[in-house]
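Here is the structure we will look at.
Every number in this text was worked out from the coordinates using simple rules, so none of it is lab data. What you see is a predicted model; the values in this text were computed from it and never measured. Quick reminder, even Gly has a Cβ in these numbers, built from the backbone with ideal geometry, and neighbours come from all protein chains shown.
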Amino acid sequence: MPRRVYPTPRQPLDEGALIDDANAIIARYPAGRSRSALLPMLHLVQSAQGYVTSDGIAFCAKLLHLTRAEVAAVSTFYTMYKRRPTGEYLISVCTNTMCGVLGGQRSYDELSEQLGVGHNQTTADGVITLEHAECLAACDYAPVLTVNYEFFDQVDADKAKEIVAQLRAGKRPHPDRGGPLCGFKQISRQLAGFDDAVVGGHAADNDNLCQVVGREAGDVAGEPTLAGNRCSVATADRDNT
Amino acid sequence: MTGAAAIQAASVTPVLTQRWPHQPWKLANYERLDGYAGLRQALRQTPDALIELVKQSGLRGRGGAGFPTGLKWSFLPKDVGAPHYLVINADEGEPGTCKDLPLMMVDPHSLLEGAIITAYAIGAHQAFIYVRGEAVHAARRLRQAVREARAKNYLGRNILGSGFGLDVVVHAGAGAYICGEETALLESLEGFRGQPRLKPPFPATHGLYASPTVVNNVETIASVPFIVRHGADWFKSMGTEKSPGPKIYSISGHVKHPGQYECELGITLRQLLELAGGVRAGRSLKFWTPGGSSTPYFTAEHSDVPLDFEGAAAAGSMLGTTAIMVFDETTCIVGATLRFIEFYAHESCGKCTPCREGTYWMEQVLRRLEAGEGTEEDLSTLLDTCDNIFGRSFCALGDGATSCVVSSIKYFRDEYIAHVRQRRCPLASHASAPLAAQGVH
């Protein structure tokens, strides 16, 4: 029997539940250019099953009039499409040079030891998948890690372990930027371009609750000017206008 | 630019970041701060006049290569019967580079306003913003901005009654550094593996869907509304003759205040370090990158090199994305370079043999050097490998991978040799991590 690139899922993909969303994705692109929908469609099937399965591949192929081999060739190219069931939380620790030098490597090593999993592996309880990530474009806040791609800035090993402890205790610590944490499937849905998938309302609205910290009006150029990127719901300005 | 003039220049009113303290992601705030005023002005001009204006301003691409933006726009052929496309490269991922994410997060409408003006100038009715997948927060923020802009008729079929129509789609990637290369990005946007195309033909004639396409970086596009509002001469009053305008310098690493610093092009590291509070207490500068990991390292002796496209190149590096990564003397040059090469080996798309194999083998050699198991001959092996990578691949990823290797051996050969002779890393480990070293947590 030939080796399958993608595993057959335990639960088959509910295509009926995805078809409207898939068509909405295809409609974003010019007529006759439906293949452009493939990357968001792969995020979409991942949002249903937590990883890309043989069913997900077949679904994309059918709707975009591609072969399954063509779809698999694309999905295997990109790091964010997972080939094995992913935990509720994907923890990506940046270990590229800057974060690595500033403590990211140590965070990764200690998390790996504590969780008993290596790169791209999931804890037995299915809660956490660990990976080391390449540069996440947040070097000014190095070392960083992300939980389901939401950023936690200036995280040393102790803080990293604290975040993980909270996640395993069923809590969701608030990221330093953007909206509240959600599950891996829900963030995959956002990656497919849908903003309705966040616990507690719309992600973008929650982003708008963020308070600018850092530079004040009237400061001259040259001050650290990352104002607005640092967010905290605790000090949220709830005026959304 | 002389030192004194440059320091004065560094404290002029910010341009790209001027709205940042005022929550400009809220459309009402953005509008109050002259938001979309540039668009209104642009729609009263002809597209050709706008292209000429941007040409005159001397604006050069902010994504690393520094190609003249107006010239790029003017390359699009007219009347070829194919639609024109605008594609914005928001696939920020070059190690050290962290300017576009904050820009999109804080001031997303400035990017949209620039996109609408650019699309109008090049005759495109469809624009795509390709945001790296890991930057979910920025994509969310952009989608929100697009919805708001649509509701206020800044986007749509008849923008502000001008008769010009544009739709913008925010497209999330899926984790591949190579998609920051413009032709790989186009491949990815078309639903393929992100592998670069052979150039020519260039995207200007055969871009997205083989149609005339402009691909510009986020910061480039966000600069456009300011040029429209204040003119080419105003823009050229900042920066240097061949590299005019303001630029966001991202400073990270062993400095007191890492962050985004908007300055005129041509500022020096010495001045930037003053702005960032200097190297952390008790330490001194060892090496730094002027524009991300793909630009050859500089050392303390380059502290007064003017950081514009010409100055960085003349001193043996490149301006790149003005991502200033600062490392002090606790950082092992071999370890730092190894991590960069692991990155390139991981991110090489595999299409071209020199890059795919070269980065793989350099990783093996650097790994044994770092572990104290290398030989002095390994240094010539590395340099020879670099010779066989550089200039021999479709895109610049392989070229970029050679930068840190060649420059680290050029400036720190002794430290490599020490690894070989002492059979271990001569530096104390973990001292480079400030949080651990200071016992903060």
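For the protein assembly as shown, DSSP calls about 45 percent of its internal beta bridges antiparallel.
Remark on B:His84: its backbone amide H falls under 5 Å from those of B:His125, a criterion applied only to residues 5 or more positions apart or on other chains, H modelled at 1.01 Å from N. 3J(HN,Hα) along the stretch A:181-189, derived from phi through the Karplus expression 6.51 cos²θ - 1.76 cosθ + 1.60 where θ = phi - 60°, amounts to 5, 9, x, 4, 5, 5, 5, 5, 5 Hz, with x in place of Gly and Pro.
On the principal axes of its alpha-carbon atoms, the stretch A:22-168 has extents of 50, 34, 23 Å, going from largest to smallest. Whole-Hz Karplus values for the stretch A:8-15 come out as 6, x, 5, 9, x, 5, 7, 5 Hz, taken residue by residue from phi with 6.51 cos²θ - 1.76 cosθ + 1.60 and θ = phi - 60°; glycine and proline positions read x. A straight line joining the Cα centroids of the stretch A:129-200 and the stretch B:83-141 runs 22 Å. Taking amide H atoms as placed 1.01 Å from N in the peptide plane, the amide H of B:Gly156 lies under 5 Å from those of B:Leu166, each 5 or more residues away in sequence or on another chain. Helical content alone sets the calculated 222 nm signal of chain B at -13000 deg cm²/dmol, taking -39,500 (n - 2.57) per DSSP H segment of four or more residues and averaging over every residue.
A cut-off under 11 angstrom between Cβ atoms defines the neighbours of B:Leu397, and their net charge, with Lys, Arg +1 and Asp, Glu -1, is -2. Listed values for the stretch B:101-107 are Karplus-derived 3J(HN,Hα) couplings in whole Hz (6.51 cos²θ - 1.76 cosθ + 1.60, θ = phi - 60°), namely 4, x, 4, 5, 6, 7, 10, and x replaces Gly and Pro.
Report the local net charge at A:Gln121: Lys and Arg +1, Asp and Glu -1, summed over other residues whose C-beta lies under 11 Å from its C-beta. Result for the neighbourhood of A:Gln121: 0.
Could you put B:Thr17, B:Thr299 in order, starting from the residue whose Cβ has the fewest other Cβ atoms within 10 Å?
Final ranking by Cβ density, sparse to dense: B:Thr299, B:Thr17.
Over chain B, with a Gaussian network built from C-alpha contacts below 10 Å, which listed residue (B:Glu190, B:Glu92, B:Glu415) shows the highest mean-square fluctuation? Largest GNM mean-square fluctuation: B:Glu190. Rounded to the nearest 5, the antiparallel percentage of DSSP beta bridges internal to chain B is 40%. Counted over all Cα-Cα pairs of the stretch B:49-89, pairs farther apart than 17 Å make up 37 percent.
Between B:Gly335, B:Gly311, B:Gly81, where does the largest GNM mean-square fluctuation fall for chain B, given springs only between Cα atoms within less than 10 Å? Looking only at B:Gly335, B:Gly311, B:Gly81, the biggest GNM fluctuation is shown by B:Gly81.
In chain B, the longest principal axis of the Cα atoms and the axis of helix B:218-230 are about 50 degrees apart. Considering only B:Asp107, B:Asp328, B:Asp414, the Gaussian network model of chain B with Cα springs below 10 Å gives its largest mean-square fluctuation to B:Asp414.
Taking only alpha carbon atoms, the protein assembly as shown gives an Rg to Rh ratio of 0.94, where Rh is the Kirkwood radius.
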